[in-house]
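Take a look at the structure below.
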Amino acid sequence: MKIIAESSSTRTHWSLVDGTEVVAKATTGGLNPYFQSRREISHSIRLELPEAFFRRRWEHVYYYGAGCANIEKCKIMESSLVAQFKTPVTVESDLLGAARGLLVHEPGLACIIGTGSNSCVYDGEHIVSNVRPLGYVLGDEGSGCYIGKIFVSDCLKGLAPEKISAKFFEEYNIRTDAVMDAIYTAPLAGVLLSSYSNFLAHHLDNEYVDKLIYDAFTQFFKRNIAPYNYPGKSISVVGAVACRFDKIFTRAANDFGIKVDKIVPASMPGLIEFHAKDI
């Protein structure tokens, strides 16, 4: 049996599997070696995962996570996982996890539209091309964080409709002068901004909201998909934000001449299939 995990900065999905059979599963907080130390990661894993995941040594742990895009950060995550499970570990990026989960062994364009955003060309095994996402400060177009950032900025600048803005501050029980402090002192500001985008899902009939989200997705296609010289340009997408705003996402894609093959909330089913024959 093996453990497969896929993690964003918001949450981590864990599956203990025997072939394609899921023996146990759990969801814990998000993990990211860019924002958490090895000790913090280990502490989170040990305290939040059910005891079933620690009963014995497993064949392998396959971990796909946010922030695991270079050797240094992968080593932080790997050492934390090895310390907890005493099992061989493979750490890969969340983007490769998304591609394998979406496409398994088929080549194609795979995308993440969740707290952050990312995209790649996948050859059925590995990523062969990637437009750098650049994170929530410089990039992450179309993500929950990006949408939340534009929305909150509009509220503070008086650009959002007054009724929408007032309702937002009321529901989140936060004063206008406290928003800046909340964002700039938050340890995971991207996650906080993404949570603000959830408010908009309840106001999709508002013209301002529809346009804000459509424009955010348009920027994703313009800056992250258009640069690929990939024939046929159909994409597969994983992520809560793409699922939440799927109709607007599909409309923006169609306007760019891009076909959306699938939008799914999680990569785990495909990852289980991908690793089913691993020894």
Orientation-averaged projected area, Cα convex hull of segment 94-181 (nm²): 7.0
Within-12-Å neighbourhood charge of V241 [Cβ basis; K, R +1; D, E -1]: -2
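What share of the DSSP beta bridges in the chain is antiparallel, in percent to the nearest 5?
Numbers: 22 of 42 bridges.
Of those bridges, close to 50 percent are antiparallel.
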Segment 206-268 and segment 49-124: distance between their alpha carbon centers, rounded to Å: 23
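May I ask for the net charge around A66, where only other residues with Cβ less than 13 Å from the Cβ of A66 are counted and Lys, Arg are +1 while Asp, Glu are -1? Working shown, then result.
Details: positive: R11, K73; negative: E6, E92, D94, D140.
My count for the surroundings of A66 gives -2.
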Cα gyration tensor, segment 1-91 - rounded (a/c under 1.5), prolate or oblate: prolate
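Given the peptides 177-186, 32-41, arrange them by the average over their residues of other C-beta atoms within 10 Å, most packed first. Mind showing how you got there, number by number?
Values: 177-186: 12.2, 32-41: 17.7.
Ranked by mean Cβ neighbours within 10 Å, highest first: 32-41, 177-186.
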Spatially close lysines, pair count over segment 192-279: Cα under 29 Å, gap of eight or more or interchain: 15
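Given only helices, namely DSSP H runs of n ≥ 4 each adding -39500 (n - 2.57), what is the per-residue ellipticity at 222 nm of the chain, to the nearest 500 deg cm²/dmol?
Details: 12 runs with 118 residues, N = 279.
Rounded to the nearest 500, the figure is -12500 deg cm²/dmol.
Go ahead and run the numbers for FRET between F256 and R38, Cβ-Cβ distance against an R0 of 41 Å, rounding to 0.05.
Efficiency for this residue pair is about 0.50.
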Global form of segment 133-199, assessed from the alpha-carbon gyration tensor, a/c cut-off 1.5: prolate
Within-14-Å neighbourhood charge of A226 [Cβ basis; K, R +1; D, E -1]: +1
Size of segment 216-273 as Cα extents on the principal axes (Å, biggest first): 31, 24, 16
Charge dipole magnitude, Cβ of K and R +1, D and E -1 - the chain, Cα centre, debye nearest 20: 400
Cα-based equivalent ellipsoid, segment 139-278: semi-axes from gyration tensor eigenvalues, Å: 30, 19, 13
Relative intensity, log₁₀ I(q)/I(0), of the chain from a Debye sum that treats every alpha carbon as a point, q = 0.08, 0.13, 0.14 Å⁻¹: -0.34, -0.88, -1.00
Net length gained if the chain between A166 and N229 were fully extended (0.36 nm per residue, minus Cα distance): 18.3 nm
Cα centroid separation, segment 140-203 to segment 9-36 (Å): 28
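The numbers here are math on the coordinates, done by the rules we state, and not lab data. A quick note: this is a predicted structure, and the numbers were derived from the prediction, not measured. All Cβ positions, glycine included, derive from the backbone under ideal geometry; neighbour counts span all protein chains shown.
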